[in-house]
Amino acid sequence: MTPTIQLSRHEGSRRVEILTLSAGHESRPRFANAHWRILHTEVPAGANCTRHQLRTEVTSGRAQAASIGLALTCENWSEDIFVFVPGAVYAGNRFIVRPQPYPPMPLPRRPGEGDPRPQISDIERLTLGPGASRFEVLSRDTATPCFGCWNPHTRRAWLAFVSPEVLGLPLGIELEEKADRSTAEWRLSWPGLRHDRMYRMCVRDNPSDWAAPDWPAGRAVEFTVELHAWECPDLAAFYDRFFTLREATPESAWHSPRRPLPPAPPLSEVFRIIEDKYNRENWVEPRGYYSVGLRQNAFQNWQMGWVGGMLATLPLLAQGTPESRARARRNFDFVFPKGQAASGYFYAMGTGFGGATPYGTWPQADVPDPVAGPEGVWLGDHPLRPTEPWHLVRKSADGLYAMLRQIRLMEGARETIPAAWADGLRRCADALARTWRKEGEWGQFVNQDTGEIIVAGSFSAALAPGALLLAAEFFNAPSYREIAVAGGEFFWKKLLAEGFTNGGPAEAVQCPDSESAFLLIESFVLLAEHTSDPAWWQRAVTAVAHASSWVFSFDYNFPAESTFGQLGFTSAGTMWASQQNKCGVPGICTLSGHGLLRLYRATGDARVLQLLRDIARSLPQYLSTAERPIPVGFSYSGQPPVDVVQPPGWICERVNTTDWNGDATRGDRIGELFHYSCWCEAAALLTAAELPGVYWEIDTDRVWVFDQIEARIECGALVLTNLWNRPATVTVLAESAAERARPLGPNLHTGYRRVTVPASAQLEFTLLP
């Protein structure tokens with residue numbers, strides 16, 4: 001790569017002039033009616049690492065509408081090069097574009113037919129085919145402020161890390177290819193701008209209202225690019241290096257600042273508050289089920305898997321009150337047999353079952369909501385044609401996985417399992433097995449009446465291998481296990497070849513997303529536990545390394561006047577939902593991350609547990625409580641106005657660090673949320689029930705804290721400090737190296753020790769002889 005320095009002049013958001021200067025020395029150009037002093041240095045910083053330092057100052061005059069940048073020109077370019085910006089760009093986003101308003105959907109495609117590349121909404125991307133090709137993002141549009149490439153021909157890779165912001169403003173990250181793709185140029189500029197156009201929900205070609213600033217005499221800017229380049233055999237090695245580098249160390253020249261977490265309830269309080277809310281607001285007595293939201297529309301009523309259907313019941317069954325456990329069981333009667341199609345797949349959605357909501361109704365993107373009869377109505381997943389039998393295949397995979405785990409819990413409690421439940425679960429497993437045998441994949445959407453794939457491709461069914469392993473064990477059916485292993489191999493090869501996962505959400509076309517990445521981890525961990533093949537452990541680590549590219553590794557500086565800014569909220573540990581929905585979300589959709597704990601126990605890879613700790617500890621701050629209600633910062637049509645607060649137990653899925661969700665009249669909504677209750681609450685219940693509050697490796701006295709408490713070792717005792725104003729019941733998992741060598745499976749949480757720490761107090765916990 002050849003570095004150069006670029007000064008740019010703008011008219012509004014349009015770049016109208018570029019002055020290119022050679023790098024590696026001091027320059028004193030005149031540009032944009034000002035005199036400049038520019039110093040670029042390139043210094044080695046250890047093995048395979050170089051630091052580019054750029055200092056710029058206006059020495060006289062007033063530069064008008066200007067920016068400064070470092071350009072990296074790549075020769076011998078190719079469309080085959082894997083282009084990467086964490087959380088924003090994978091494989092250059094060089095996919096098939098299906099421009100549509102929200103909620104966008106893919107066109108039908110049968111397996112083996114048509115172009116196999118993903119279908120995406122109108123997001124930032126490189127062009128598929130010849131012609132002009134360029135994308136542009138800001139450093140704050142990323143999960144880690146980084147960009148890079150892997151060349152499959154030369155087997156070399158590089159990653160460049162920068163600061164999330166400089167002098168309070170983001171940096172711009174651009175890649176522009178020549179029309180013939182012979183060369184490409186990366187540009188890192190300050191301040192970052194949205195040139196000419198800007199992305200709003202599903203549409204990137206909105207006119208940009210950004211403008212470059214003037215530079216008065218004396219203004220100086222300095223930033224560093226830390227460039228790592230190395231021999232790299234494949235994308236697994238590429239992600240492994242990224243996983244190691246994604247968090248800045250004291251030796252790093254780029255900055256990934258972390259702030260203390262704001263006060264938040266401990267996990268036992270998180271569970272109590274949300275359980276109370278679920279029984280108060282989500283429970284639908286006439287039919288006996290927990291709705292996934294508050295029933296303001298069909299999407300907020302019943303959806304299997306994905307956003308909470310039969311997922312929230314798992315933690316409630318595991319450690320809820322007797323009322324919650326009884327209600328969790330009733331959900332099975334709601335699903336079986338009426339919630340299952342003839343094929344064995346579950347119905348995607350349902351509404352109109354008689355449950356009123358105190359929060360009214362509001363439309364979602366003008367999606368029709370069929371009028372239900374006395375028994376309700378079961379729907380498909382196509383939001384514009386809900387009576388058609390589209391089914392996001394992940395929903396059945398998620399549901400099968402979660403319900404089989406709940407059946408095991410009930411068996412352990414010596415509870416009777418009705419035959420209708422077992423028969424229904426077997427029918428679902430059979431449906432997944434039939435689709436695999438017939439199609440050689442699970443696709444993204446299937447016909448819920450027939451099981452035939454409607455839209456092929458994607459990682460939507462990434463949890464299907466794990467679910468089928470549990471089915472093989474429960475039903476003593478080796479054929480399920482064979483398909484699980486084959487499906488796991490299919491997904492592993494697909495990940496290694498493509499470098500991303502997709503198909504997790506039902507309304508993001510096939511854009512790469514974080515949800516499918518974490519589903520894949522759980523399947524790989526289950527494959528390792530059930531097959532005793534150590535290769536699956538390493539594959540699971542690679543899946544985590546990829547998933548880490550979606551998780552914020554730094555704390556974004558929310559505007560001081562915003563809701564999140566005033567509450568001191570942090571972003572590290574939240575994650576981008578997808579490339580389309582460009583906001584952070586609290587928690588994993590919809591898992592606890594328990595598989596990462598099991599993976600660490602098997603491999604000892606500390607990066608895995610550090611990632612899980614960030615995710616788990618970040619989540620509770622976004623829970624609205626009676627002591628700290630979270631104000632609503634913006635409103636959609638039909639929703640309550642902004643002068644309300646989120647009720648206790650609610651979590652909204654918005655952690656907005658970008659202007660993707662804004663508009664011209666109501667601002668960019670950074671650091672704000674809307675009046676919404678969603679799947680994040682189910683993720684919080686799972687996190688509180690399945691993860692230990694403290695993980696203590698007793699042979700080394702290493703302590704990992706996932707709860708909102710402090711923990712340390714003193715004289716062989718675990719000292720726990722409760723920072724909340726109510727008692728905290730802290731779960732502790734204490735293990736030796738010998739105990740960690742034994743896989744314990746997905747229901748590990750049943751063996752935790754429980755310690756109650758008084759409010760705002762300290763307690764010593766010792767292991768009995």
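Quick notes on this structure:
- When the alpha-carbon atoms of the range 419-533 are used, the pair Rg, Dmax equals 13.7, 43 angstrom.
- Structural size metrics of the range 149-210, computed from C-alpha coordinates, are Rg and Dmax of 14.8, 41 Å.
- The range 263-314: Rg to Rh, with Rh as the Kirkwood radius over Cα pairs: 1.01
- For the range 105-192, the relative contact order is 25 percent, taking Cα pairs closer than 8 Å that sit 6 or more residues apart in sequence and dividing their mean separation by the residue count.
- Diagonalising the gyration tensor over the Cα atoms of the range 100-173 and scaling each eigenvalue by 5 before taking the square root yields semi-axes of 30, 20, 12 Å, largest first.
- Between Trp215 and Ala63, Gln64, Ala65, Ala66, the built amide H atoms are under 5 Å apart, and every one of these is 5 or more places off in sequence or on another chain.
- Across the range 65-72, computed HN-Hα scalar couplings (Karplus, 6.51 cos²θ - 1.76 cosθ + 1.60, θ = phi - 60°) run 6, 10, 9, 10, x, 10, 10, 10 Hz from first to last residue, x flagging Gly and Pro.
- Among the GluC sites (Glu not before Pro) in the range 211-317, those placed in a DSSP loop whose Cβ has at most 11 other Cβ atoms within 10 Å are Glu251.
- The label point for Val43 and the one for Thr700, both projected 7 Å from the Cα toward the Cβ, are 3.3 nm apart.
- Taking all Cα pairs closer than 8 Å and separated by 6 or more residues, the relative contact order of the chain comes to 12 percent.
- Across the range 1-154, C-alpha contacts under 8 Å between residues 6 or more apart give a mean separation that, scaled by the residue count, equals a relative contact order of 20 percent.
- Percent accessible area from carbon and sulfur atoms, the chain, protein chains only, probe 1.4 Å: 51 percent
- Residue-by-residue Karplus 3J(HN,Hα) for the range 277-289, coefficients 6.51, -1.76, 1.60, Hz, glycine and proline x: 5, 4, 6, 7, 10, 8, 6, 10, 5, x, 10, x, 8
- The residues of the chain have, on average, 34 Å² of accessible surface per residue, using a 1.4 Å probe with all protein chains present.
- The amide H of Arg726, built 1.01 Å from its N in the peptide plane, has Ser760 as neighbours under 5 Å, considering only residues 5 or more places off or on other chains.
- Averaging 1/r over every pair of different alpha carbons in the range 1-75 and inverting the result gives a Kirkwood radius of 13.3 Å.
- Taken over the range 622-765, the percentage of Cα pairs per 10 Å bin, counting from 0 up to the bin with the maximum distance, is 10, 30, 26, 19, 12, 3, 0.
- Nearest-10 value in Å² for the accessible area of Trp36, using the 1.4 Å probe: 0 Å²
- Counting heavy atoms of the protein chains alone, Cys583 has an accessible area of about 0 Å² for a 1.4 Å probe.
- Additional length obtainable on full extension of the chain from Ala717 to Asp205, 0.36 nm per residue less Cα span: 178.4 nm
- Surface/4 of the Cα convex hull for the range 1-131, nm²: 12.3 nm²
- FRET efficiency for Gln64 and Glu323, using Cβ-Cβ distance with R0 set to 60 Å, rounded to 0.05: 0.35
- Summed side-chain charge close to His228 - residues other than His228 whose Cβ falls under 11 Å, Lys, Arg +1, Asp, Glu -1: +1
- Packing, as the average of other Cβ atoms within 10 Å across residues, places the peptides 136-143, 205-212, 445-452 in the order 136-143, 445-452, 205-212, highest first.
- Cα-derived Rg to Rh of the chain, Kirkwood definition: 0.96
- Distance (nanometres) between label positions extended 7 Å along Cα→Cβ at Arg753 and Ala741: 2.2 nm
- The distance from the alpha carbon centre of the range 279-317 to that of the range 427-477 is 24 Å, rounded to a whole number.
- Value of Rg to Rh for the range 481-631 (Rh from inverse mean 1/r over Cα pairs, i.e. Kirkwood): 1.02
- Shown for the range 253-394 is the translational diffusion coefficient from the Stokes-Einstein equation, using the Kirkwood radius over Cα pairs, a temperature of 20 °C and a viscosity of 1.002 mPa s: 129 µm²/s.
- Accessible heavy-atom area order of Ser78, Ser549, highest first, probe of 1.4 Å: Ser78, Ser549
- Take the Cα of His25, go 7 Å toward its beta carbon, and the backbone nitrogen atoms of the range 35-65 under 16 Å from that spot belong to 37-42.
- Distances between placed amide hydrogens fall under 5 Å for Cys232 paired with Arg156, Ala157, all partners being 5 or more residues away or on another chain.
- Here the Karplus relation 6.51 cos²θ - 1.76 cosθ + 1.60, evaluated at θ = phi - 60°, turns the backbone of the range 568-577 into coupling constants of x, 5, 10, 9, 4, x, 7, 9, 5, 5 Hz, with x for every Gly and Pro.
The values are calculated or read from the model by the stated rules, or taken from the named source; none is laboratory data. Everything numeric in this text was worked out from a predicted model, so none of it was measured. Reconstructed Cβ throughout: ideal geometry from the backbone, glycine too, with neighbour counts over all protein chains shown. Areas reflect the complete protein model, heavy atoms only, side chains present, ligands, DNA and RNA absent. Shrake-Rupley method; radii C 1.70, N 1.55, O 1.52, S 1.80 Å.
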